[in-house]
Structure formats: C-alpha cells, structure tokens
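Any read-out appearing in this document is the output of simple, stated calculations on the displayed coordinates, not a laboratory observation. The structure displayed is predicted, hence computed values, not measured ones. All Cβ positions, glycine included, derive from the backbone under ideal geometry; neighbour counts span all protein chains shown.
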2 protein chains.
Amino acid sequence: MEDKFFKVASIIFVMEIVIVGGGATGMKAASRARRRDPEAKITVIESSKWLSFSRCGLPYYIEQKVGNLDDLRKTPYGVVRDAEFFKKMKKIEVLEETKALEINRSKKVLKILRRGSEDELNYDFLVLATGAIPSKPPIPGIDSEKVLGLYSPEDADKILRLYRNGAKRAVVIGAGFIGIEACEALKSLGLDVTLIEALDRVAPTMLDSDMARLLASHLKEKGVKILTSTKVEKISGENELIVHAKDKISADFVVVATGVKPNVEIAEKAGIEIGSKGGIVVNERLQTNDPSIYAGGDCIETTNLITNEKVVAPFGDAANKQGRVIGDNITGGNSIYKGVIGTAIFKAFDFSVAVTGLNEETAKRYFNTSSILVSSYDRTHYYPGMGVVRMKLIFDSNSRRILGAQIIGNGVVDKRIEVIATAIMNKMTVDALEDLDLAYAPPYSPALDIVVTASHVVKNKFEGLLNSIKAEEVKNLIESGEDFVLLDVRNEVEAKNIKINIKNTINIPLPKLRERISELPRDKLIITACPLGLRAYEASRILISEGFKNVKVLEGGLPFLLTLI
Amino acid sequence: MEDKFFKVASIIFVMEIVIVGGGATGMKAASRARRRDPEAKITVIESSKWLSFSRCGLPYYIEQKVGNLDDLRKTPYGVVRDAEFFKKMKKIEVLEETKALEINRSKKVLKILRRGSEDELNYDFLVLATGAIPSKPPIPGIDSEKVLGLYSPEDADKILRLYRNGAKRAVVIGAGFIGIEACEALKSLGLDVTLIEALDRVAPTMLDSDMARLLASHLKEKGVKILTSTKVEKISGENELIVHAKDKISADFVVVATGVKPNVEIAEKAGIEIGSKGGIVVNERLQTNDPSIYAGGDCIETTNLITNEKVVAPFGDAANKQGRVIGDNITGGNSIYKGVIGTAIFKAFDFSVAVTGLNEETAKRYFNTSSILVSSYDRTHYYPGMGVVRMKLIFDSNSRRILGAQIIGNGVVDKRIEVIATAIMNKMTVDALEDLDLAYAPPYSPALDIVVTASHVVKNKFEGLLNSIKAEEVKNLIESGEDFVLLDVRNEVEAKNIKINIKNTINIPLPKLRERISELPRDKLIITACPLGLRAYEASRILISEGFKNVKVLEGGLPFLLTLI
C-alpha cells in the first residue's frame, strides 16, 4: 500500500532518515527502509560498537555454547554486521560510539556527540530505537566493581574474566528469566550460585505460584540455592563480596538482573509523549506525537491485546517486527504493529518455561477467571526421549475464552505454547481446543496432545466427571487438621522412589484398586493422586462407581503438592 | 450436557454396549463410556489379541527404538492393556480373538464367532470401530510368503525374523508415510532398500512435487533407492524375490505399503450406509443411519473442514477423539466430532515432514490458489543444534485465507505446522500470521519465526518488493534455451562445497555484490539464488537499486532448483 504522492515527491528530494540505536529495531528499520527506498540517506547513531547484536545470546556465550561475541552479531551466513558491513551491503551509514544528545523538533535536527565533538544531523524522519537500560535497585554497594549486569557484551566478558581468575561463588539478584538464564550459565561453569528474589517466587511476573514452584524445584535439583521473598539490604566487601539479605552470603561477584526500563531520556527531553508505563507513546504505525518521529523496540509502550492496556514488552521478536513496520512507514508505506499478548519462553537447565497471555494473578483483575492444571507426556511414552510437560490453562469462567497459559517441563514446551498463543490471538475458547487437528506421530506427540487433553479436562470438570482439588487446598486441609486420605495410585516402584510425607497416605497401585477397595474408608474425603493426574482421575471414577461419595483428584499431579509441603 | 431423561432411564435398566474393534477408537469409547456410566454392560469384540495397540509404533519396533511389541500396548505407566487389564481396571469385557459375523439390526443382536462356536450379543448401542484393512494392489505374486505388510504386530515380527535370518535387500512398494517410515527402519538395520512408487513422487497424497523433491533427495542421501512413476508388474521367485518393474530388482523380501481402506464389511452387510469414499457414513455425533449404531476411527468417513467434502482420515489422533465422542453419546452425552483439516506428520531419517490443510494440487480444485516457498533456520543461527525448515504455504489468492502448508527439514517442523493448523482452523489470512506473538528465545526460534517470515514474504511479493521465480520456471527457461544469469550469492566456501551445474551461473558473495556489480549484464534476466532465499532477496534489492530492470529471486532457496535439474 504505497502512498502515491509520496513516491512522486521522493523523486524530487532525497529523504534523510536518522535512526537512534543500532540494535534489532534500529537496524531492521534501516534495512527495511533501504530495501524499499534505494535513494534515501539513512544514518544510524549507535553509542556502542555492537550493531544488530543479539543480547539474548549472552547467557549462552557465558555458558560457552556460543564461542565468540561476534557470533551474536553475525548474519546467519557468517558475516559480522559492523559499520563496514552496513555501508557496503546496504548503503547505510552507521556512526558507532556516537551519542545522540538532543532533538530539535522544530528544525528537524539531531545533535550528536562523536569522537569528542558535537555535530548535527538533519532528518525528515527520526526513528527512536534507544532500547532499554537495566534498572538498578537502590542497594548500597551496588556500584562495586564486582557487581555486574548481564546486559552488554562487556558485562558478559567481565563475568567470564572473573570466572577465569578463579571466582567460585556468584549471587544472582533477580529471578526473572535473565536471572535464571544467568544461573544456568554460571552453574555450567561450575560455580556455586545463589539466586535472590524480592518477590515470593521465581519468574514472578511470568508464572503463578503453582508453576513457579515446579521451576524452583528444578533449579534446586540443579544446585541453585534460591532465596525468595528476600530483599538485599546492602553489598559490602571488595575482593570478597558480602551480600546482606536475611543471611550474609559470600560471593566472588554478583549479577544484578532486576529487569530493564525504557530508555526515553532523549525523547522526554524533546517533549515526546511518555506513557504511564515509562515508555514512549506511539500509535499503531509506531509514530510518536511528533509525526516525523517514530519509535520502536524496548523504549516504547505497546498494547496488550487481551487487556487493551499499555505495556512495556522488551522482547527480541517484537523489536524486529517493529523495526520492519517503521521501515515501511518512513518510506511511504502503511504498516501497523498491533501489540503483544505476552508470549515468552526461556530455557532453564533441562526445563523449558513458556508463557502466553495473562497469568492467573493478572487475569483475575480483568476477568472472572478459572484455571486448570494438566500434565502429560510430550510424545508417545514408548518413543525415546520422552519428556513431561505441565500446563496451566487460564480462561474466562463465563465465555470460556482462553486468557493465558504457562507450560513448563523437560519435554517439548514451545510447540504447545505457540498453539495456545495462536488460539488466544483468535479468541478461541477452551472447548474449541479439542477440535484442533494437530500433528500426531509417535516421535512428536501422544495421540491426544496436552492441548487437546486440557480441553477435555475442563469439560470433565464442568460436567462433574472430574472433581479436582488444587495442591494449595490440600495444604490447607493438612494445616487445619482435616481428616482425609491421600490415595497414591502409583505403582510400588514409583512409590518407593519418591516418598510422600503426608499423614494418611495410602498407596494402592491403580490396577489393584478395585480388588483392594475395602482398604479405603467410605466416610472420609479421599484425594487421589499420581504423577500426572491421569491415573488419579481414573481412580476417582472407580471409587465413585463403587459408591464412594467424597472423592477428589489432585489437579495436575503430585509435583504440585510435593513442592508445596 | 447430560440428557436428563436418559439419566432417569438408566436407573431402570442396565444398558448393554457392544463395541466391535479393540483398537484406539473402540477401547477409548469403552473406557469413556465406563467413566460416565459405572453400571453399563460393556463388551468389546476384537479379532486379534492386541488391544489399544499403537500401530504407529511398528516402524520404531522394527528399527529397535522400541524394544518390545508389548510396549506398544502399555499404558504410559507401564501396564500391558490386555483383556485382564480392562476387566479388572474398567469392568470392560473384552472378547479377544473373536470375530463379529453379522448385525441383526431389528433384534439388536450381534452374531459373533468365538473359539469355534457362534454366539449372540444383545446391544442397546453398537459401536463399529472395525478399523481399516491394508489395500493390496492386484500384482501377481503379491501373496508370496515374503511379501509383507507393515500393519500388524505379526507383520513387524515377520520382517525382523527375515532380517535375523540374513535378509539383506528389501523392496518397499508405496511411498506414502508408512512406506517411508519402513525405509528408515530397514535402512537402520543395514538393509539395502529400494522404494517403488506408482505416482510421480514420494508422499504423493501429502506433498506437492516441489516439497516431495526435497524429501526424495534426503532419502537418497540416506541410501534409499527411489523409483517413482514406476508400476510393479509382478513379483516372482521364492527364496529370492524378483520385483518386476522397469528393471528387475532382487530382494529378500518386499514390504507393501500402498495404503489402507475402511473395513466396512459387517456394516455394509447390515445395510449401514457407506459413503462414496468407502467409509461408513456418520453424522457429527458419529451416529450411523441406524440410531443405535455408532462408528468411528479408520472405518468411517469424516469431513474435511476446508472443502466440506467427505474424506477418509485414518489417523491415530482422530481415532482417539472419535472414541471419546462415541463414549459420550452412547451414555447420554451430546458430543460432536467436527472433522479434520488434514494435518499429518512423519519422521524420515533426519527430516520431519508435516502437512496441514490442502496441498496446492488439491487446493486448486476448490480455490483460486497461490503458494509461496520460504526457508529459514529453526532457531538463532548461533545456538547449537540449529536446523533448517522449508515451508510451502498455500493460500487463496483473493481472500488470502490460508489453505494449507507443507513443512520439511532437519529443524523443528512440528511446532510450525501446528501453528499453521491452528491458524487454518481459525480461518486466518496469510497477512494475519505476522501479528502472531510467538515464543522467541535463542534455543527455540529465530527472532522472526518462519511463520511470521512467510507472511512478510507474501506481502513483499504482493507489494512488488519481491519478484520471485519458482524452480520449475527456471527449469523451463533452461530447457527453452533462454538467456539468463543465475547469480549465486553464496560465499566462496559454500559455492565450492555444493557446485551448481547451470550454464551462466556467476558466484558473487552477497557482501561483495555492490563492488562487483559491473560483472553482471544489464540486458539479461538475472535470477538471484542462495540456500534459503534471504540473501537472494537482499541481492535483488541491491540490483534493482542499482538500476537493473529484470531481476528475479529463486523462491525458497537453491535446493528447490538443484533437486530438479
């Protein structure tokens, strides 16, 4: 959809495009603009020397899965994307190690600082792709030399240098996904790692408590010490640091990963509108309140398509998409960027952790919310490499519209979260998931994928076939001294391998349930349990068919309970 | 949604349910009915002794990835699902090695043959889950002892026995997914394998020619000899078989995998309606024209939700879903099974091959059809284990509604096909794919996933930024002696590793294109090419910006062309 007037006009003058920021958004906008307009003068200002640098790859560089920092700024075909590359390949002028100082909007001039001297660049269109800056909590001692971020290539190199100089103990502050990725990287180097989080759980903005418990349990299995609900009061020491929290933790260095905030300094100074979430306000075309100035990437606010509220969404895929939209719009196109639904994924040791849509805590603020926990194998149980995936599906109780999902496990997680993300974009209901025609073959999924099973579980619940109880409720029963039986229907080997320390637990393997049913009291609540929940459900149907009146199924499987008590 | 009258009625009489067929559909219907109705008398008739047997696992048993046939009929928690299991666990009576002879619909009686004597079973509801039977082409000699199927556990054991007795050479007839899975299994045992297909390509009902070429090329790389457009005239010999095709091929045994057809014998004899595709006709509740008789699984016809035509869809996931729907409906529920869109996946050595919706050949019969070929890495190029995925996306030229996709490669294929399948179920357009908020992190996908890229490529094409040419058209140009330049923009190492034997091929690595542009003729058609298509697109934009008028991009990347010429 070309603007014809624009095309005619562009013959007459050579358009000048200035882009502040050489990250994903900036370079994508520049490249896209170049592909659409061979003549425009395109200049990119970048304060570092790292162009199109994949910040997301830093944990893997520390882990030494990625051998070289340059690998994180190469094209897929192996060419380093430096200023020379952009100049020769794309006729894009990149001013590296150059600072954008000030925008003069009326004159359409950007003042810059380059090699010690100031200069001015004229623009027809200015693109602000200034990214984010790590938010540093106000902790005394946080500016110590051995307190690092994990944001820039230099950060990563500092961490590796400390490691090579003999560092053995690290403290990571902040259990968001970057913090957790840092833990994995540092553990892979053999360090002793303590993860400190001020909120009450790991990955607190992504996961609800139930799912966060599973992740924390896996991190602990991998040797990460976790302190949640823990504030760091100060960091002292020089050679050896002391992190003062509830306890004093000694460390050779500290990594702070407490999130980022939009870098809006230059925009704000120029009177560009900043939103309540701290990012630059843009319309769907990614245009700011100044029609000649566009903005995209980590420095803007975008729309959450479920709540319709503004959010900051500093993700690599969004940054790329936004760069493309801007590249279109500053060269006469008319593209829009709609927003996000909050999909994200990260790797945590053997687990993949993924979310889409709203978590239950957030969803409750907007909707009459229900949720269900479902667990499943990720492929046919006889095919090698099988893993487990555990899903929390969040939906509107009335319309049954899907609002969000969290999936976690050592099985294939990304596939399932993307199906749910696509379902959410299409406002699908939980019920409609069962109609999806997914790709079954033994190496890829069980005959009924967890996405379909989740739909069945919700229906079973609403039809009264499944009367489930969440682990939190079971804990409440235990704490209030309620009399109930936990019926563990695992087989003998499973029951021996992982013991359950709950009073009144009875182990009867499912296949023997009918013949041993007389061992169970008929006057008490019976809660059936197994690792995934399938056998527990089957057991509940057997008990009810045999006249038991008060039977509940532990939702999602035993790990939800065993990580709680 | 319970039928209240039914509930009341069920107190008065014990319902008798008879199910013919103990496969996925039959046992799922039985189990689901039991969970909903503890009292019903449920009897399953099965001609073999294999209940709930995962036929899809047979190739992996031959390959010895699955150690034991019993693994293919175990529950995920390790219990063999035999008659005893169903009796004790689910109070379901299974009559193994029993044949259903005849349905007396007016008396509601099923006549059976069991241990040499006939018997009769009364039913209130009869479920036909009779599955499919392998379709044997009328080839003289096909009944030889060493001509086997790959359908029953016995087939698999016969193949393994022949292998253990020294068989070295096998011929597989039929290049559908079972035939290809058989090739992989037999090659893994070290056999010499020839695959013969009557149609002009491998996986002919799933893949269009372009995608089939890529698969064939991979199969050949793995040592499978492929003969397409080849009819087997007869099979002769006893100890050593001779397969008479264009050539005579010696083999120690032959595997016939030429598809299956619905097993409708007993239904047809009883006057149950059979459709034009050869399957039992059912409504959305999976009820036949006799309201007391339901049918599901490989023996029925279901609806293709894109064309609204009846199809036979013998897939394990559909069988399971349909069993559940039947289990509901014969116990007073009201569930429906909507149909399929044709999603399927299989593993072929290092490749995954997946389809959803219509292929282009079929789509053209119903829609004004366009298609696009897109290739991409499956994750960030610096993350270990990266693979390639190649996608053909088929869509309606007018509405841009997505009609189908084929994805193939050594990268992660299943995720992308399921996203597209979900998109098709929601009648999404190609354009809307770019708005999907997918799960990006380096181990899982590139920042822009191929699903999003495909949307961009289609838009580039429609906006005139991308002028692409398909490999078939390039071949036509070559054959008609047209003068053009194939501009190979790979780097020197790549160009040396895989040579292109096309006249007038010029290799200029993309980063050097601007400086070496004078080497290219301005008066000829220039076709830019690279392995994936990304660099070729970039090259085309550079040439056009430098005033070249006649530039096209080889769509989808070099392999589409190199497998054709």
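Brief remarks on what is shown
- Remark: chain A carries a charge dipole of roughly 400 debye about the Cα centre, counting +1 on each Lys and Arg Cβ and -1 on each Asp and Glu Cβ.
- Mean projection area, nm², convex hull over Cα of region B:468-562: 5.3 nm²
- For the protein assembly as shown, the calculated P(r), taken from all Cα-Cα distances in 20 Å bins from zero up to the bin holding the longest distance, is 11, 38, 35, 14, 1, 0 percent.
- Helix-only CD estimate at 222 nm, as mean residue ellipticity for the protein assembly as shown, using -39500 (n - 2.57) per DSSP H run (n ≥ 4): -8000 deg cm²/dmol
- Modelled spin labels at residue A:168 and residue A:265, positioned 7 Å past Cα toward Cβ, are 4.0 nm from each other.
- Restraint check, B:136/B:222; A:74/B:512; A:28/A:88; A:107/A:269; B:364/B:392; A:231/A:364, Cα-Cα greater than 18 Å: B:136/B:222; A:231/A:364
- The residue among B:391, B:448, B:438 whose Cα reaches farthest toward the positive pole of the charge dipole of region B:350-462, with charges on the beta-carbon of Lys, Arg, Asp and Glu, is B:391.
- Altogether, the Stokes-Einstein calculation at 37 °C and 0.692 mPa s, with the Kirkwood radius of region B:281-335 over Cα pairs as Rh, returns a diffusion coefficient of 289 µm²/s.
- Averaged over the residues of peptide A:322-330, the number of Cβ atoms from other protein chains lying within 10 Å of each residue's Cβ is 1.
- Kirkwood hydrodynamic radius (C-alpha pairs) into Stokes-Einstein, region A:186-307, 10 °C and 1.306 mPa s, D in µm²/s: 90 µm²/s
- D by Stokes-Einstein for region B:40-85, Kirkwood Rh over Cα pairs, 25 °C, 0.890 mPa s: 210 µm²/s.
- Three principal axis lengths of chain B [C-alpha, angstrom, descending]: 90, 61, 42
- Ascending list, in nanometres, of distances separating the residue A:277 label from those of the other copies (7 Å, Cα toward Cβ): 4.5
- Among B:260, B:80, A:537 the positive-end extreme of the charge dipole of the protein assembly as shown (Cβ point charges): B:80
- Where only C-alpha atoms are counted, convex hull volume of region B:125-244 per residue in Å³: 127 Å³
- Look at the stretch B:338-346: the mean tally of other chain Cβ atoms within 10 Å of its residues' Cβ atoms is 4.
- Overall, the protein assembly as shown carries a charge dipole of about 320 debye about its Cα centre when +1 sits on the Cβ of Lys and Arg and -1 on the Cβ of Asp and Glu, all other atoms neutral.
- Rel. contact order, % - alpha carbon contacts under 8 angstrom, at least six apart, chain A: 11 percent
- Pair-distance distribution P(r) for region B:18-145, from all Cα-Cα distances in 10 Å bins starting at 0: 12, 37, 32, 16, 4, 0 percent.
- Counting other Cβ atoms within 10 Å as a rough exposure proxy, the listed residues A:119, A:298 run A:119, A:298 from fewest neighbours to most.
- Copies compared at residue A:107 - label distances in nm, ascending, label defined 7 Å from Cα in the Cβ direction: 10.4
- Part-to-part distance (alpha-carbon centres) for region B:306-367 and region B:498-560, which is given in Å: 42 Å
- For the protein assembly as shown, the share of DSSP beta bridges that are antiparallel, to the nearest 5, is 55%.
- Take residue B:220, push a point 7 Å out from Cα through the beta-carbon direction, and compare it with the same point in every other copy: 5.7 nm, smallest first.
- Selection among B:191, B:215, A:424 by position relative to the dipole of the protein assembly as shown gives B:191 as farthest towards the positive end (Cβ unit charges, Cα centre).
- Under 12 Å from residue B:234, Cα to Cα: aspartates and glutamates that are on another chain or at least 8 residues apart: B:143, B:247
- Kirkwood Rh (inverse of mean 1/r, distinct Cα pairs), region A:350-462, angstrom: 13.9 Å
- Label zone at residue B:308 (point 7 Å along Cα-to-Cβ), backbone N below 16 Å, region B:408-451: B:427
- This model, with +1 at the C-beta of Lys and Arg and -1 at the C-beta of Asp and Glu, gives region B:220-307 a dipole about its Cα centre of some 420 debye.
- Distance between the modelled labels on residue B:200 and residue B:222, one decimal in nanometres: 2.5 nm (7 Å Cα→Cβ projection).
- Computed from the Cβ-Cβ distance with R0 of 30 Å, the FRET efficiency linking residue B:397 to residue B:336 stands at 0.40.
- Among beta bridges that DSSP assigns inside chain B, antiparallel share in %, nearest 5: 55 percent
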